[in-house]
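A quick write-up on the structure given underneath.
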Amino acid sequence: MSGTGGTNSGSGGNGPSRRSGGTGGSGNQAGRGQGGARRRNEQGRERNRGGDRQFSSAAPSQRTRRADPARLVAFEVLRAVAAEDAYANLVLPASIRKHALDRRDAGFATELTYGALRGQGTYDAVLARCVDRPLGQLDPAVLDALRIGVHQLLAMRVPAHAALDQTVGLVRAVIGAGPSSLVNAVLRKVTAHDLEGWIAELVDGMTDATAIAALRHSHPEWIVRALRQALVAHGRDVAEIDALLAADNAAPVVHLVALPGLATLDDALAEGAEPGRLAPGSAYYSGGDVSRLPGVSTGTIRVQDSGSQLVARALAAVDLGDRRSDGPEQWLDLCAGPGGKTALLSAIGQDRGVHLTANEPVPHRAQLVRQALRPLPADSWTVRVGDGRDVGREQPESYDRVLVDAPCTGLGALRRRPESRWRRQPSDLVSLAPLQRELLASALDAVAPGGVVAYVTCSPHHAETEAVVDDSLRRRTGFERLDAGAALDAVSVGGALDAGHGSSAQLWPHVHGTDAMYLALIRRTL
C-alpha cells in the first residue's frame with residue numbers, strides 16, 4: 001500500500017460512537033450466552049448466542065458462507081507470519097500453489113497479503129477506533145482477518161460491499177459464525193472514512209513529526225527516526241524521509257539476473273520482462289509467477305534485487321593491479337546463505353579461472369548455497385560450513401576478494417519483507433553490532449596483500465554501516481578505503497548512480513528503485 005503509516009494504535013474516545021454488542025468481543029469471546037458458557041456446534045465452531053447483534057444488510061440466504069480462495073491464501077499467510085514467525089515471501093508461493101490460484105487470483109492474493117502486512121500499523125490504529133476493547137484482546141486470527149478487510153476497504157479497488165461480504169464469508173468459513181458478526185460490524189465502522197480521512201482523524205492533535213510519519217506510512221517510530229538519521233549520515237536531505245517511507249510501501253517489481261556465461265534474458269523479455277535500468281544482465285518482471293519463466297527453475301536466471309547485483313559486480317570489477325600471486329584468484333563469500341550473491345560472483349569469475357569458497361554457518365542454509373551454485377562447474381566452488389569469524393584466523397591472507405554480506409536488521413529491504421518492520425527492535429542493533437565487527441575483522445585477516453574486502457549490508461543504519469567500518473579500521477594499518485561510489489558507477493548501466501558519500505556508497509529505494517544496500521570497499525596494502 002502507499003500513503004499509509006503508523007504503529008501507535010490510536011486508542012481512545014475520538015472514534016465513532018459505540019453501540020453495545022456490535023463491535024466488542026473477539027473470536028474467543030463471541031458466542032457466549034448470558035451465563036458466559038461457550039457454545040460450539042458439532043464441528044467445534046463457536047456460535048453467537050445472546051446479546052445485541054449486528055448483521056450484514058444482506059438476507060441470511062445471500063450471505064457468503066465460503067472462503068474465497070485468494071482471500072484464504074492471504075489469511076493463511078498472515079496466520080503463518082503471526083503464529084509461526086514465517087516469512088511471507090516463502091509461505092505465499094506455496095499457499096498459492098496449494099489452492100491452485102490462476103494468475104489473476106494469485107496477483108490479488110499477493111497484493112492483499114503484502115498490503116495488509118505493510119499497512120498493519122495504520123490499519124491497527126484505525127481498528128482501535130472501531131473496536132470497543134484493546135486489539136490485544138481479540139483472537140489473533142480475527143485480527144488478521146480484520147486487517148485483510150481493512151486493506152480491501154481502504155487501499156484496493158474492491159467495492160465495499162464485496163470486501164465486507166467476502167471477508168465475513170472467510171471468517172464464517174474458517175473461524176466461526178460468532179466472530180463473523182464481529183468482523184461485519186467492525187468493518188462497517190471502517191467504511192465511515194476513506195484512508196486519508198482516517199489518517200486525518202488519527203493525526204488530529206499530534207505534533208511530533210516522527211509519530212505522524214510513522215502513522216501515515218505504517219512504520220514503527222524507531223525505524224522512522226533511524227531512517228531520518230541514515231539519510232543525513234549518508235549525505236542526503238532529511239526531507240526525503242516521506243519519499244523513502246512511501247517507497248517502502250510500494251509493491252516491489254521482481255528483479256532478475258541472468259548468470260553470466262550461463263543464460264540470457266531473451267526468453268524472459270519475450271514473456272513480458274523489461275530490461276533492467278541499473279545492472280547489466282538484469283530485468284524487471286511484474287507478470288505473475290516468476291517460477292514459470294525459462295531459466296528460473298534451473299537457477300541460471302535468478303530473482304535478485306539490482307542493488308545486490310551491483311555490489312557483487314563492484315567487488316568483482318575492482319582492479320587488483322598489485323596482486324602478489326600469479327595463480328588463479330581465490331574468492332570468499334564469508335556469509336553466503338542463501339547464495340544469491342555467491343552464484344553471481346561465481347559466474348562472473350568463471351572466465352578468469354576463479355575458485356570461490358562460500359562460507360555459511362547454518363547447515364540448511366549451506367544446502368541452499370549448494371543449490372544456488374549447482375549450475376556452475378563443481379570444481380569451481382567449495383561450500384564451507386562453519387563460523388565465518390574463524391576463517392581469518394584459520395586461513396590468513398588467503399583470498400583475493402572477500403565479500404562480507406553481514407547479518408543486519410534488514411531495514412533496507414522492508415518493501416520486500418514487510419513483516420520485518422514489526423519484528424525488528426532497536427535492541428537488535430546492539431546484538432548485531434559485535435557480530436558485524438567480528439566478521440569484518442575476520443575478512444580483513446583473510447584477504448591477501450593487494451586484495452579487496454567488500455563490506456555490504458541491506459541496511460542504511462549508521463550503526464551497521466560507517467560505524468562498523470570505521471571501528472574496524474581504526475586500530476589497523478596496511479588498509480585503505482576505495483571509492484565505492486565510483487566502483488558502483490563503473491559496473492552500472494547508466495554510470496551515474498549518485499550513490500557515493502565519502503568513500504562509501506548507499507543505494508536507496510526512493511532514488512534507485514533498489515533495496516537500501518550499503519557498500520564499503522577496503523584494499524589490503526601490506
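Of note:
- Dividing the summed -39500 (n - 2.57) terms of all DSSP H runs of n ≥ 4 by the residue count of the chain sets its mean residue ellipticity at 222 nm at -13000 deg cm²/dmol.
- Förster-model FRET efficiency, 45 Å R0, Asp498 and Gln137, C-beta, rounded to 0.05: 0.35
- The stretch 85-193: trypsin sites (Lys or Arg not before Pro) falling in loop per DSSP and having at most 14 other Cβ within 10 Å: Arg157
- Taking chymotrypsin sites (Phe, Trp or Tyr not before Pro) as exposed when DSSP calls them loop and at most 16 other C-beta atoms lie within 10 angstrom, the chain has its longest site-free stretch at 88-526.
- Inter-centroid distance (Cα atoms) of the stretch 108-186 relative to the stretch 226-245, Å: 32
- Remark: spin-label model distance Leu269-Asp242 equals 3.9 nm, labels positioned 7 Å along the Cα→Cβ axis.
- Computed about the Cα centre, the dipole magnitude for the chain is approximately 2380 debye when only Lys and Arg (+1) and Asp and Glu (-1) carry charge, each at its Cβ.
- 0 to 90° range, to nearest 10: angle between helix 69-84 axis and the chain longest Cα axis: 70
- One decimal place: the segment Arg423-Arg103 gains 112.2 nm when fully extended, by the rule 0.36 nm per residue minus the C-alpha distance.
- When the chain is described by a simple charge dipole with +1 on each Lys and Arg Cβ and -1 on each Asp and Glu Cβ, the residue from Gly119, Ala372, Thr357 located farthest towards its positive end is Gly119.
- Contact order normalised by residue count of the chain, Cα under 8 Å, 6+ apart, percent: 14
- The relative contact order of the stretch 254-303, computed from alpha carbon pairs under 8 Å that lie at least 6 residues apart in sequence, is 47 percent.
- Over the stretch 174-267, relative contact order from alpha-carbon pairs under 8 Å, at least 6 apart, %: 14
Laboratory data are not the source of any read-out in this text; all were calculated from the coordinates shown. Everything quoted here is computed from the prediction, not taken from an experiment. Positions of Cβ are backbone-derived with ideal geometry, glycine not excepted, and every protein chain shown enters the neighbour counts.
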